[in-house]
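Take a look at the structure set out below.
The values are calculated or read from the model by the stated rules, or taken from the named source; none is laboratory data. Remember, predicted model here, so these are calculated numbers, not experimental data. Here Cβ is always computed from backbone atoms with ideal geometry, including for glycine, and neighbour counts include all displayed protein chains.
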């Protein structure tokens with residue numbers, strides 16, 4: 001059983017934190033992961049920055065630019081993560097865009113993920129059909145889970161297809177907007193969350209985009225197995241005292 005499956009079997013109201021590799025300082029990637037686990041995070045999503053991030057709002061875009069300007073690359077990220085599993089035991093996902101993966105080589109990317117102990121990936125712009133036809137085997141060979149995204153506009157047929165291809169969890173976007181918008185649970189959003197819950201999917205679900213406070217986290221957990229916080233956490237990071245800013249942010253959710 002992989003770390004992701006074990007987590008969802010054992011816990012409810014799972015708190016996943018996204019942050020950008022190499023931000024706020026180039027060498028902070030692993031130290032942030034370690035402190036997030038100490039402070040109570042259940043799951044980590046480490047973003048590998050890209051110059052044209054279509055789904056990211058201004059906060060994460062700015063963090064990606066800072067990281068890229070500082071010298072962050074996929075090669076460097078894997079070097080930073082080489083001893084990750086000596087100090088971090090919770091599930092870790094890499095999140096980013098397909099272009100850097102293609103430049104690195106998808107087979108090499110998957111192999112590097114396995115070597116450093118990464119459990120899976122979230123690649124918003126990787127088409128499901130392309131993943132299924134070209135990359136699913138190499139993901140499986142390296143023990144990697146591919147996390148698919150669902151929006152309020154996703155059809156039931158497609159959600160069922162995603163459920164069949166998944167072996168970790170399904171990422172429910174609270175809206176079709178970019179990251180960083182505040183979660184607004186309108187009647188239509190509530191109907192969307194309820195519609196997915198009533199489908200009795202085989203895989204657990206996590207809600208992301210707009211989770212920025214304990215209130216919005218708790219609200220999301222009413223409809224899913226947990227929630228993902230990204231922009232609010234990235235915004236809270238202070239380059240002069242990273243560990244203290246991680247601790248302070250996490251106290252809101254894990255007092």
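Miscellaneous remarks
- So residue 122, is it under 26 Å from residue 209 (Cβ atoms), in contact with a strand residue (DSSP E or B) (Cβ under 6 Å, 6 or more places away or on another chain) and touching a residue at least 40 places away in the same chain (Cβ under 8 Å): yes
- The residues of segment 155-174 that are over 20 Å from residue 2 (Cα atoms) and surrounded by fewer than 18 Cβ atoms within 10 Å (Cβ to Cβ), listed by number, are 155, 156, 157, 158, 160, 161.
- Subset of segment 215-237 (residues that are surrounded by 19 or more Cβ atoms within 10 Å (Cβ to Cβ), modelled with pLDDT of 95 or more and farther than 18 Å from residue 170 by Cβ): 233, 234, 237
- Selection count, segment 16-50, where residues are more than 20 Å from residue 63 (Cβ to Cβ) and either touching a helix residue (DSSP H, G or I) at 6+ places or on another chain (Cβ under 9 Å) or buried (at least 23 other Cβ atoms within 10 Å of the Cβ) (or both): 3
- The listed residues are 123, 150, 88, and the only one of them that is crowded, with 17+ Cβ neighbours inside 10 Å, over 24 Å from residue 235 (Cβ atoms) and in contact with a helix residue (DSSP H, G or I) (Cβ under 7 Å, 6 or more places away or on another chain) turns out to be 150.
- Answer residue from segment 197-214, given it is closer than 19 Å to residue 162 by Cα and in contact with a helix residue (DSSP H, G or I) (Cβ under 7 Å, 6 or more places away or on another chain) and is surrounded by the most Cβ atoms within 10 Å (Cβ to Cβ) among those: 207
- Of the residues making up segment 129-147, those that are in contact with a helix residue (DSSP H, G or I) (Cβ under 7 Å, 6 or more places away or on another chain) and either more than 19 Å from residue 228 (Cα to Cα) or at pLDDT below 95 (or both) are 132, 135, 138, 139, 142, 143, 144.
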